[in-house]
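Here's the structure, in C-alpha cells; my notes come after.
Please treat every number below as a calculation from the coordinates, not as lab data. Quick caveat, the model's predicted, so the values are computed rather than measured. Every residue, glycine among them, receives a Cβ derived from its backbone with ideal geometry; neighbour counts consider all protein chains shown.
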Amino acid sequence: MTTTSAPLTRADRRLLALAAAAERRLVDPMAGFVDLAGLRTAVGELTEAFAPLGRVQHTVAVKACGLAPVLRFLADLGVDAEVASPGETAVAEAAGVRGPRLVLDSPAKTTGELAHALAEGTAVNADNFQELARLDRLVGATPPRSVLGVRINPQVGAGRIGDTSTATAASKFGIPLRDPGNRGLLLEAFACRPWLTRLHVHVGSQGCPPELMADGVAAAHELAEQINAEAGYQQVTSIDLGGGLPVDFTSDAAGPTFAGYVATLLARVPALADGRYSYVTEFGRSLLAKNGFLVSTVEYTKVAGGRHIAVTHAGAQVAARTVLQPEHWPLRIGAFDATGTPKTGPAVPQDIAGPLCFAGDLLARERPLPLLEPGDLVVAHDTGAYYFGAHYAYNTLPRPAVHGFTVTGRGEVEFTPIRRAQTLAELVADAGGEHVGSLRA
C-alpha cells in the first residue's frame, strides 16, 4: 500500500526556506524572500474566481512589487501589468510585458508618457478632463491602437484607512462622478470621442471592504450602460475594476478571497456576468503580500527603562508604512535562532527596532516574543507586496537582496536570485558621486 504526504502549506515552505537561507548565509544582514509556489496558487485562485465574468485581463499592480523577474514570472502565468509611472513602465517592458499587456494609470501622466503608450498600444485610463484634451491632440484623426478609457471617482466613501481610500468626495484620483455637472460632461466626453471605450474605477486598497469596492463597480457599470444607451451602440466595451482587495495581516489566513469578492460583485451587479463587457483587474497586495517575507539579523539587544529592545536591520527603509502608521500597518513578527529554528521560551514584550537614526524607527512595539539575542533572526511576515520595492533612502542604507524559492517534493529548497543587494558604489552614484568636485566653495 502506498501513502502520500500532505502538500506543504505556506507556513511549511516558509520554515524550510528560512532554515535553508540561514544555512547558506543569504540573510546578510537582511533579505527578502518570495514563495513562487504560493504565487502560482494565488494566480490560479484569481483566474478561477473571475471565470464567471467571462473575458478578463488580469494585471498586477507594479507598485506592489516592481521587480522585473517577478513581473516576468507572473506574465508567464498569464498576468499582465498595471503601471503608474515611467519607471514602472520601463521595468515592466524590460520584463517583456509591454504594449496591450500593459495598463497605464496615473494622475500625473506627461505628454511623453502618453505618446509612448499610444505608440506601444498600451491601454490608458485618463484621469481628468485636461488629460482627455491632451489625448485629443495625440490621437488626432487616426484610430488609436490603444484601448483608451476614463477613470471615474464614484465617491462612495472611505474605508478604514483614509490614505488608501481613493473614492472619497475629495480624492485626487479620477473624475468625481457626483460633483455637479460631471456626469453630463462625461457623457459628452464619450459622445465626442468614439475612441473612448473603457471606464475605470478603483475605490481603494487596504481597509476598503469588498462591499464598498462593489459599490464603486456598480457606479461604473451604471455609467457604462448610460453612455451606451445614449450612443445607440455599445461604445463602452470594457470596465477596469481596479484592485484593492484587503489582506489579513493578523494571521496566515488570506482574508477576503477572490472568489468571495466576485460573489459580492455579482450580488451587487448581476449583469456583470451577462457577457456584454470584458474586464480588467489590477490586484497587487492580495496577490503578493502573503507570498513574501523579510528576514533580518538581530545585531544587538539592550534594556532601556525596563523595556527589552532588539536592534535589527529592518526599519523604515523597508517598512515605512508600518513604522510611521503602526495602527494601520502592523506586521506579524517571528523569532528564530541563527539556524532558522523557531525560538521557544516565555514571551517577553520587546521593541523590534530598525537601524535608522530616529527614535520611532520600530518595526513592532512591546511585542511578546521569546527573548531575542544577537545573531537571532527576525521575520516580518506578509511583506511580499510594497516592502521589497518601496525603499526609503534615509541614512543611505542599501536595498536588500530578494530571493525566490521553491521547495521540492523531498523538502529541498531551491533559491533563485530576484535582486542582488545594492552595493556601496551604487549608493555613492545615487548620491551624486560622479559630480564630486563640481561645487566650489
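Before moving on, here are some points about what is shown:
- Counted by neighbouring Cβ atoms within 10 Å, the residues Leu288, Leu356 run from fewest to most as Leu356, Leu288.
- Inter-centroid distance (Cα atoms) of the range 1-58 relative to the range 226-284, Å: 25
- Sites matching GluC sites (Glu not before Pro) across the range 347-441 that sit in DSSP coil, with at most 10 neighbouring C-beta atoms within 10 Å: Glu412
- Around Arg367: net Lys/Arg minus Asp/Glu count, Cβ-Cβ under 12 Å: +1
- Ranking of Ser286, Ser85, Ser165 by neighbouring Cβ atoms within 10 Å, starting from the fewest: Ser85, Ser165, Ser286.
- Local electrostatic count at Thr301 - Lys and Arg +1, Asp and Glu -1, tallied over other residues with Cβ under 14 Å: -1
- Taking other C-beta atoms within 10 Å as the exposure proxy, Thr250, Thr59, Thr41 rank Thr250, Thr41, Thr59 from fewest upward.
- Low-density loop positions, chymotrypsin sites (Phe, Trp or Tyr not before Pro), the range 209-281 - DSSP coil, at most 12 other Cβ in 10 Å: Tyr233
- The distance from the alpha carbon centre of the range 114-157 to that of the range 172-196 is 13 Å, rounded to a whole number.
- Environment charge at Ile333 (Cβ cut-off 11 Å; Lys +1, Arg +1, Asp -1, Glu -1): +1
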